[in-house]
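Okay, so here's the structure we're looking at.
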Amino acid sequence: MNPLFPEIKPFKEQFLSVSSIHTLSIGQYGNPNGIPVVILHGGPGGARSPRLTQFFDPKHYHMVTFDQRGCGHSTPYGELRDNNAQALIEDIEAIRQLLDIDQWLVSGGSWGAQLGLRYGFRYPERVLGFILRSPFLGRRQDLAWRFAPNGGAAQIFPDHYADFCQRLTEQQTADPVMAYCDVFANGSEFEQLAAAQQWSVWKGSLSHLLPPKVAHERFGLGKKSLALARIESYFYREHCFMPDNHIIDNLDKIKHINGILVHGRYDMVCKLEGSQLIAQHWPNCQLQIVPGAGHSSSEIGIIDALVQGTNTMANWLNSKN
């Protein structure tokens, strides 16, 4: 089994103003002369972490990470104004230009994988290849799977779903995403923090093949969970700012680019069916289904597959030069 590479410190950190409101926090890791890769965190509303770089050999890769709008160390914190998928796509391109990188690999998991694909649709000439995990397609059926009372996640984890809906009225449970958005827009600080914990614990409970017993401690972390829940629910309310089948309908724009796609067979957050569909429409995409794994990138099988994938991509790109 391939383990993670050791954690390293960034060789440079900086900020980039991308609008009259938003400033992004950017970190660079590894070999400045290595294969450039932009690594996109999940959420929307998550944050970059040094752990995202540990899937890449620092001797071979120049890794770029950043906090997307409104989260992590980017400012203003939790801001929804001027925060949408199209803006995030342009932010990626602005970072590429800032760092004077001609082409780079695009990597990300879950929401980060969706955002990476959409960046590729917009700027295919800037993409060397893709390394993606468990992409979230953002279709209505994907949102229903995770949030609807008759969705797949609620049927498999009815106890966790009951906790998720604990603060909602019976009428609100028909559309939990809208109900949570209303709390984050109009609730008191206490109500928002409590709702953010419920939202984050629900997602965290679904992320592992075996839900952690300490989910409340791991995922219900006040300020961090508030940005995740507020931004994520807002993006989901807007259907990720794209038509329903946008990802599948646009794969022809990147069909000539090589991609490695890793997905846990028992992923409860992002359906394996979505990755299977992507692979069917993308001839240069290699899908690896990881048995005995769920959604989390911390599961042993996912780590092994991703590290193997980054090594394979590095060998392939280096052989071309």
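Quick look at the values:
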quantity	calculated
Theoretical gain in end-to-end length, MET178 to MET1 [0.36 nm per residue, Cα-Cα removed]	59.5 nm
Extension gain from ALA162 to ASN315, taking 0.36 nm per residue of separation minus the Cα-Cα distance	50.3 nm
³J(HN,Hα), Karplus 6.51/-1.76/1.60, whole Hz, each residue of region 100-112, x for Gly, Pro	6, 9, 6, 9, 8, 6, 10, 9, x, x, 6, 4, x
Top positive-direction residue, dipole computed over region 140-240 with Cβ charges, set ALA153, ALA227, GLN141	ALA227
Rg to Rh quotient for the chain, alpha carbon positions, Kirkwood Rh	0.94
Among TRP199, LEU209, PHE164 the positive-end extreme of the charge dipole of region 140-240 (Cβ point charges)	LEU209
The chain - charge dipole about Cα centre, Lys and Arg +1 at Cβ, Asp and Glu -1, debye rounded to 20	500 debye
Net length gained if the chain between GLU93 and ASP249 were fully extended (0.36 nm per residue, minus Cα distance)	54.0 nm
Over 29 Å (Cα to Cα) - which of LYS59/LYS203; LYS12/LYS253; LYS12/LYS255; LYS253/LYS320; LYS59/LYS320; LYS9/LYS253 fall in this group	LYS59/LYS203; LYS12/LYS253; LYS12/LYS255; LYS9/LYS253
Nearest-ten-degree value, helix 85-98 long axis tilted from longest Cα axis of the chain	30 degrees
Considering only the chain, percent of DSSP beta bridges that pair antiparallel, nearest 5	30 percent
Candidates PHE241, PHE130, PHE55, ranked by Gaussian network fluctuation over the chain, Cα under 10 Å, top entry	PHE241
Label-point separation, LEU272 to PHE190 (7 Å along Cα→Cβ), nm	4.5 nm
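Values in this text are rule-based calculations from the coordinates and carry no lab data. Note that the coordinates shown come from a computational prediction; the quantities given were computed from them, not determined experimentally. Ideal geometry is used to build each Cβ from the backbone, glycine not excepted, and the neighbour counts take in all protein chains shown.
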